Amino acid sequence: MITDRSERLYGLDHLRTAAILLVLMYHYRAFNHPLWIDNVGKFGWTGVDLFFVLSGFLISGQLFKEIEKKGKLHLKTFYIKRFFRIIPAYFFTLFLYFTFPFFREKEALSSVWKFVTFTQNYGLNVIDKGTFSHAWSLCIEEQFYLALPVVLLILARTGLLKYLTVLIISAIIFSMISRFIIWNEYIAPAENGSLAFWRLWYMKIYYPTHTRLDGLGVGVLIGYLMQYSLVFKRIVHNNGNQFFFLGLLLLCTSFWVCNDQVSKGASIIGFTMVAVSYGIIVMSAVSKSSFLYRSESYITAQLAALSYAVYLSHKGIIHIVQKILDQRDIQTSDNVCIIICLVACFSGGLLYRFLIEKPFSRIKTKILTAKNKQDQ
């Protein structure tokens, strides 16, 4: 979420930057790379979980403040903002993938209707149709954006919003139970390490929305408690640095549990541990006593603002850069190539910003201004 400078939470910029770098290092392992990337990027998949926690916290925080201030939610305004933030850049990326085969990092794409309807994360065969597979997380986020305001509006109107903590914890437990059942039913019988095992694990456990509610749930829970619990808010603001080191300690423990990402322990409780760890670190980032909150950085602010566009386009850009270097007999598995690819990815993010995001942001502003005049 991009806010005015006076309202910007700089600690969250640092975390967004960390999240996109984690994802880049994780996905870079699928291309030519030096050996150290295998170790550094091993837990990069958790960058998506950090994005989930951030989204849950920021989006729910907006909605809770509107409910508290106005007693209702303007769903149309919310959906207009989300549409112009997500859809133009996403559809442009789809255009690149379906129109220009050289942009594809792998051979085969899922059906276009699955991308357009944000349902690609269900039944995604990443082994055989792995091109633009990273859009699975955008599907979950879009489903979240569609559902959350409606759920909160119903809870607010029925007086059940006070039970949201119980509902969120129940949703997280539901995800854990779902993964447990799926593991025993589908994953355990498959031969560990085989293509069938990996295909099933990704398809049944890693990608579906109902098995990945941990991060979003933790983010919403923190947003709710920060809005409605003065005690929780005071504890967070008074113990920012302590929460950072607690979160970091738990994250290291989570990485130990998730050392083998597809193990039973990682699949059932590891995802939840990672989400809670990042949730505690997010609490630190919004705490007024935390070094994360107080340390403003132009670099992380800019990288954070580019993170969505970079996430969308990075695989295609890395693929193109390495292909061009290969054609010129230039080494693609060294550190120089990594720097070139990273520069290209963030340069691509800048192109998205000026060619797509800014023009559509102006259109969004005009539509919302006209809507506000009509509502007055």
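The figures follow:
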read-out: Mean Cβ neighbour count within 10 Å, used as a protection proxy, ranking 219-230, 115-126 highest first; value: 219-230, 115-126
read-out: Charge-dipole axis of the chain as Lys and Arg at +1 and Asp and Glu at -1 on Cβ define it, positive-most pick from Pro189, Val40, Ile172; value: Ile172
read-out: Candidates Ala147, Ala135, Ala171, ranked by Gaussian network fluctuation over the chain, Cα under 10 Å, top entry; value: Ala147
read-out: Charge dipole (debye, nearest 20) of the stretch 225-339; +1 at Cβ of Lys and Arg, -1 at Cβ of Asp and Glu; value: 460
read-out: Net length gained if the chain between Lys162 and Ser347 were fully extended (0.36 nm per residue, minus Cα distance); value: 62.1 nm
read-out: By accessible area with a 1.4 Å probe, ligands and nucleic acids excluded, highest first: order of Tyr206, Tyr293; value: Tyr293, Tyr206
read-out: Gaussian network model of the chain, Cα within-10 Å springs - most flexible of Ile281, Ile80, Ile268; value: Ile80
read-out: For Ser110, solvent-accessible area (1.4 Å; no DNA, RNA or ligand), Å²; value: 10
read-out: Protection-proxy order for peptides 58-69, 92-103, each taking the mean of Cβ atoms within 10 Å per residue, highest first; value: 58-69, 92-103
read-out: Cα gyration tensor shape of the stretch 28-111, rounded if a/c is under 1.5, else prolate or oblate by comparing a/b with b/c; value: oblate
read-out: Computed over the stretch 303-376: relative contact order in percent, which uses C-alpha pairs under 8 Å that are six or more apart; value: 39
read-out: Residue-normalised accessible area of the chain, given per residue in Å² at a 1.4 Å probe; value: 47
read-out: Label point 7 Å beyond Cα of Ala196 along Cβ direction - residues of the stretch 115-129 with amide nitrogen under 18 Å; value: 125-128
read-out: 20 Å Cα-Cα threshold exceeded, pairs from Lys114/Lys364; Lys76/Lys114; Lys72/Lys233; Lys69/Lys162; value: Lys114/Lys364; Lys76/Lys114; Lys72/Lys233
read-out: Identified option (computed mean projected area of the Cα convex hull in nm²; candidates [x] 18.0; [y] 19.4; [z] 24.5); value: [y]
read-out: Simple label model, 7 Å out from Cα along Cβ direction - Ile181 to Ser263, nm; value: 2.6
read-out: Rounded, prolate or oblate (a/c below 1.5 giving rounded, otherwise prolate when a/b exceeds b/c) for the stretch 283-364 by Cα gyration tensor; value: oblate
read-out: Theoretical FRET efficiency, 1/(1+(r/R0)^6), r = Cβ-Cβ of Ile339 and Ile154, R0 41 Å, to 0.05; value: 0.25
read-out: Most fluctuating residue given options Ala304, Ala285, Ala190, as computed from a GNM of the chain linking Cα atoms under 10 Å; value: Ala190
read-out: Relative contact order [Cα under 8 Å, 6+ residues apart], the chain, whole percent; value: 26
read-out: Per-residue ³J(HN,Hα) for the stretch 178-191, Karplus 6.51 cos²θ - 1.76 cosθ + 1.60, θ = phi - 60°, Hz, x for Gly and Pro; value: 4, 5, 4, 5, 5, 4, 5, 7, 10, 7, 4, x, 6, 6
read-out: Linear extension gain, Asn239 paired with Tyr298, 0.36 nm per residue minus alpha-carbon span; value: 18.7 nm
read-out: Accessible area of the chain belonging to carbon and sulfur atoms, whole % at 1.4 Å probe; value: 65
read-out: Relative contact order, percent, the stretch 1-114 [alpha-carbon distance under 8 Å, six or more residues apart]; value: 19
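The values are calculated or read from the model by the stated rules, or taken from the named source; none is laboratory data. On a predicted model such as this, the values are computed, not experimentally measured, just so you know. Glycine also receives a Cβ, built like all others from the backbone with ideal geometry; neighbour counts cover every protein chain displayed. Protein only, heavy atoms only, side chains kept; ligands, DNA and RNA dropped before computing areas. Shrake-Rupley method; radii C 1.70, N 1.55, O 1.52, S 1.80 Å.
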